[in-house]
1. Quick one: work out the % antiparallel among DSSP beta bridges in segment B:106-214, nearest 5.
2. When DSSP assigns beta bridges and you keep just the ones with both residues in chain A, what percent turn out antiparallel, to the nearest 5?
3. If you split all Cα-Cα distances of segment B:128-212 into 5 Å bins from zero, what percentages do you get per bin, shortest first?
4. Out of A:119, A:234, A:21, whose Cα points farthest toward the positive end of the dipole of chain A (charges: +1 Lys, Arg; -1 Asp, Glu; placed on Cβ)?
5. With each pseudo-label sitting 7 Å past Cα toward Cβ, what's the residue B:11-residue A:139 distance in nm, one decimal?
6. Could you derive backbone 3J(HN,Hα) for segment B:62-72 from the dihedral phi with the Karplus parameters 6.51, -1.76 and 1.60 (θ = phi - 60°), listing whole Hz in sequence and x where the residue is Gly or Pro?
7. If you average 1/r over every pair of different alpha-carbon atoms in segment A:13-131 and take one over that average, what Kirkwood value in Å do you get?
8. Give the long-range amide H neighbours of residue A:189: residues separated by 5 or more places, or on another chain, with amide H under 5 Å away, using H modelled in the peptide plane at 1.01 Å from N.
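Since every read-out is calculated from the coordinates, none of them should be taken as a lab result. Not measured: the values here are computed from a predicted model. As a convention, Cβ positions derive from the backbone with ideal geometry for all residues, glycine included, and neighbour counts pool all protein chains shown.
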Amino acid sequence: MTKIMTVERVVAELESGMTIGVGGWGSRRKPMALIGGILRSPLQDLTIISYGGADVGLLCAAGKVRRVVAPFVTLDSIPLEPHFRRARQEGTVAFTEYDEGMFMFGLLAAAHRLPFLPTRAGLGSDVMRVNPELRTVRSPYTEEELVAVPALEMDAALIHLNRADARGNAQYLGPDPYFDDLYAKAAKKTYVSCERVVDTADLLKAGPVQSLLVSRSMVAGVVEAPGGAWFTSCEPDYDRDEERQRRYNKADWREFLDEQ
Amino acid sequence: MCVVACAEAFRGDGEILAAGIGGAVTVLAARLARSVFEPDLITHDGVCLLTGDIPALGVAPRVVEGWLPFRDHLWLVLNGRRHVMLGASQIDRHGNTNISAIGDWARPKAQLLGVRGAPGNTRCDPTSYWIPRHTPWVFVEKVDVVSGLGTDRGAYELRRVVTNLAVLDFGGPDGTMRLVSTHPGVSVAEVVAATGFALDVPGEVPQTRLPTEEESAVLAALDPGGLREKELA
């Protein structure tokens, strides 16, 4: 059964007020084609869970976001994301700020359908002060106090990979899977955009079996979107478009939509 | 010389990852230490490859000895076999640092990166800092948002702080910041004036050592474009 759909169809399945996870890391392999679809839609009031980059910045700039859940928002080669900064400084979005490792444990907890996972990361820092809902647990074995990172549950996840088949098996060919498999496992519904849709039989022609990152049982929809991570990187298909990112850092965010 | 002072932070670390974050100087420091006096150190390419050789800045490794995608980097932070050299926009006398936001967190005057991995890094791993601009606006009485833990908040081990003026550690009373050495041409008074809190200053403060000939040669090969100088400019 094919799950091929358009960006517009994916966006039509989302609703205002949803919690949406976005794969990739910083300015790497972000599902920008799908983000563009949200920017063009009437969706609003979203909670965005992300190792954040321009995905978070654009959605904030377009007024789509109620809350950001992230350990950072950065463009990597440009350390500070301009639109997220403005949104924070103008007080237009709420922010749940976690340590990077806490954030991963939140994804792992949701992927495993656990209510929380314990970690040392975050203890003693102002992450505990600025997120007063966070609780600690005591180890039943050693009495050590640990942060109980709540599961990062999400209504939908958007990820971008190099290849996928029409049923939703998806493959990364770059050096780092990031956390896209965890988003897929954590979300109620996951939508994969990819550089190219191929026959299932052809997946292993491009990479080893370990590159099959996401199973179709986790995937609700597949969008073929060549260049769909642009201007972020999608190795080995393309590197980050640094020149375009520099313009993004200075120009009106709507130019991104015109050029996409 | 600042690179050498940063590299010294890794002396004795053995077979762990020396992770330089946020620029040329910290990355060079890890590679220099491995090249010259700490050969078992593990260094990475700045992305996710552990390098078998020690390439120059911006050059891909010829030999790859391991793979460390972000998820394993975050695992390694908790595992602890890692010494990280971080940056900071603010640091206080106990070594609490801020890379998150300036001003009131709820509505900051300046939103910075976010806490990133600083809370876990400082709780679980030895941590050092490289701060290229030693000023009272960075070395503050109290940081606005505690991202990295100080000695008074359960830091695992804060090894040293290297700046453009001096080398410091936390050997002062109650784990407070102590002046270890001043760089050539920098007076103790200048360091004290550039620090926004009372610094522990021993009776005699030596000068930071200069690079050896071997270290200078290695640095010239690792950084032929002089990126380390630009970071200090």
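1. Numbers: 6 of 13 bridges.
The answer is about 45 percent antiparallel.
2. Expressed as a percentage, antiparallel bridges in chain A total about 30.
3. 3, 14, 25, 29, 17, 8, 3, 0
4. Final value for the positive-end residue is A:21.
5. 3.4 nm
6. Per residue, the Karplus-derived 3J(HN,Hα) values read 7, 10, 10, 10, x, 10, 9, x, 3, 5, 7 Hz.
7. Working: mean 1/r = 0.0679 Å⁻¹.
Across segment A:13-131, the inverse of the average 1/r is 14.7 Å.
8. Sorted by chain and number, the residues that satisfy this are A:156, A:157.
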